[in-house]
Each structure stands twice: as structure tokens, then as C-alpha cells.
Amino acid sequence: MNDGNTPLDRLLRAAAQSPREATLSTLPFPAEARVLAAWRSSRSEGSGWIGLWLQTGLAGAAVALALTLAVTWSHLRPDPEDDEYAVANATLYVAVSP
């Protein structure tokens, strides 16, 4: 059976028995600054190439989207002068609609 002595059970029991004031305390400023500095330096060292590839890919996708939109803009929105029936259709639509 379950003896209740697993590491998770011991951790949860210890957390339940700890005083509330101890869990709400904060680190002193110098210790917090050292922890944040170490975290920032480890983050920038490990993901240099991955971050560069992601930024380059995002920039490339944005440029491709802008070029595609620029090339197809004329096809997406045709000129009303090309349609000789546009004015007649608009007038008919306004006259028939309630």
C-alpha cells in the first residue's frame, strides 16, 4: 500500500507545516540583483542562434507578406472604371433595396 513517505508527500507536508510569514518574505535587493543578473546572462548565452534564426525568419516572413500584398493589391481591388456596368448596378441596387 501507499506508505505516505514519498518525496512528494514529504514536501507537501513540510510546506503545510511552514509558517505563513516565511513564504511571503522577499529576497534582499543585492541577492535579487545577483539572481537576475545570472539568469539574464545564462539566457543570452544559451539561445543565441535560436533567437537569431527566429528573428530572421519572422523578418523574412514579414517581407514576403508585404511583397505579396503589394504585388496582388491591384487584383484584390479592381478599378471601378474597368467595370462599365458598375454605376448601373449600384443605382439598381439602391433603387431596389428597401
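The values are calculated or read from the model by the stated rules, or taken from the named source; none is laboratory data. Just so it is clear, the structure is predicted and the values come from calculations on it, not from any experiment. Note: ideal-geometry Cβ built from the backbone for every residue, glycine included; neighbour counts use all protein chains shown.
Any idea which of (1) surrounded by 10 or more Cβ atoms within 10 Å (Cβ to Cβ); (2) of a type outside the set (Ser, Thr, Tyr); (3) modelled with pLDDT under 80 is the one residue 54 doesn't satisfy?
(3)
Among the listed residues 62, 86, identify the single one that is at pLDDT 90 or above and surrounded by 10 or more Cβ atoms within 10 Å (Cβ to Cβ).
Being at pLDDT 90 or above and surrounded by 10 or more Cβ atoms within 10 Å (Cβ to Cβ) holds for just one of 62, 86, which is 62.
Modelled with pLDDT of 75 or more and surrounded by 10 or more Cβ atoms within 10 Å (Cβ to Cβ) - does that describe any residue in region 43-50?
No, there is no match, as no residue in region 43-50 is modelled with pLDDT of 75 or more and surrounded by 10 or more Cβ atoms within 10 Å (Cβ to Cβ).
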